1. Using the charge dipole of the chain (Lys, Arg: +1 at Cβ; Asp, Glu: -1 at Cβ; taken about the Cα centre), state which of 163, 101, 194 has its Cα farthest towards the positive end.
2. Suppose each label sits 7 Å from its Cα in the direction of the beta carbon; what would the residue 107-residue 68 distance come out to in nanometres?
3. Identify, among 124, 61, 8, the residue whose Cα sits farthest towards the positive end of the charge dipole of the chain, taking +1 on the Cβ of Lys and Arg and -1 on the Cβ of Asp and Glu, with the dipole about the Cα centre.
4. Quick check on packing: order 188-198, 149-159 by the mean number of other C-beta atoms within 10 Å, highest mean leading.
5. List, largest first, the extents of the alpha carbons of segment 23-160 along their principal axes, each in whole Å.
6. Which value in deg cm²/dmol, rounded to the nearest 500, describes the helix-derived mean residue ellipticity at 222 nm for the chain, given -39,500 (n - 2.57) per DSSP H run of n ≥ 4 and division by the residue count?
7. Can you give the direction-averaged projected area of the convex hull of the alpha-carbon atoms in segment 2-59, in nm²?
8. Any chance you could give the angle, 0 to 90 degrees and rounded to 10, that helix 71-88 forms with the longest Cα principal axis of the chain?
Amino acid sequence: MSHELRTPLTSIVSFSELMRAETRSLTADGSQFLDIIERNAHRLLHLVGDLLLLSRLETGAIPLELTAVSIPQLTEEAARAAAAGAAKRGVTVHFSAEDGPLIQADRTRVAQVLDNLIANAVKFSRSNGLVRVDAIWDDLGGGWRIDVADTGIGIPPEEIGQLFGRFVRASNARTAGLPGTGLGLSIVKAITELHGGRVTVDSTLGSGTTFTVCLPAKTGADPESSR
């Protein structure tokens, strides 16, 4: 179904772009209408892409490309990439990391986990808010712990257990009119568990939320079989 949806949506995007390039007599309103078509088509394409990715992750149809990954470096890159957009919303992103060894992980997928969590933290933060991204090496556990904490609206306690389900969004996020599909955390959970890790959440309504991702030094997967 995702593939079937992607085809007409791609055509809508392509032909709207052709119309913009070929039609020089567009009025201001016509140009605005094309903007709306393109923006919403891209939103739908993103949603379809997330659905397809989640389905593949849950069925193991996307193998992990395991390489030696520096979690501090990857976490810093994700935090820096989000900082500029966060600043426009009046939110500060602070990063810190401990020294620790490389781990076997899929760099692209772990980056996707970090991007999703940091983007969520920024989105749900208030103006003058703070998002902290901390990478901590756990000698005893033999793995990395990554905390993404915000000072935002928090999550109602009775809804925390449902957050990682498909299309689930906290009621206060919906009431506040904050955009989202409810798929990002499902993707975070699927990727983390494919690495043999776990993701947890701790939140206080009205005060903020912390998501914690724990990644073992070894995923237990055979790197050769994951290529």
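Only the coordinates and a few stated rules stand behind these numbers; no lab work does. Because the structure is a prediction, the values reported are computed rather than measured. Quick reminder, even Gly has a Cβ in these numbers, built from the backbone with ideal geometry, and neighbours come from all protein chains shown.
1. 163
2. So the label points at residue 107 and residue 68 sit 1.2 nm apart.
3. After comparing all options, I get 8.
4. Details: 188-198: 20.4, 149-159: 18.4.
Taking the mean over residues of other Cβ atoms within 10 Å, the ranking is 188-198, 149-159.
5. In descending order, the Cα extents are 66, 41, 36 Å.
6. Numbers: 6 runs with 104 residues, N = 227.
My calculation for the chain gives -15500 deg cm²/dmol from helical runs alone.
7. Values: hull surface 15.5 nm².
Averaged projected area of segment 2-59's Cα convex hull equals 3.9 nm².
8. Taking Cα atoms only, the helix is inclined about 40 degrees.
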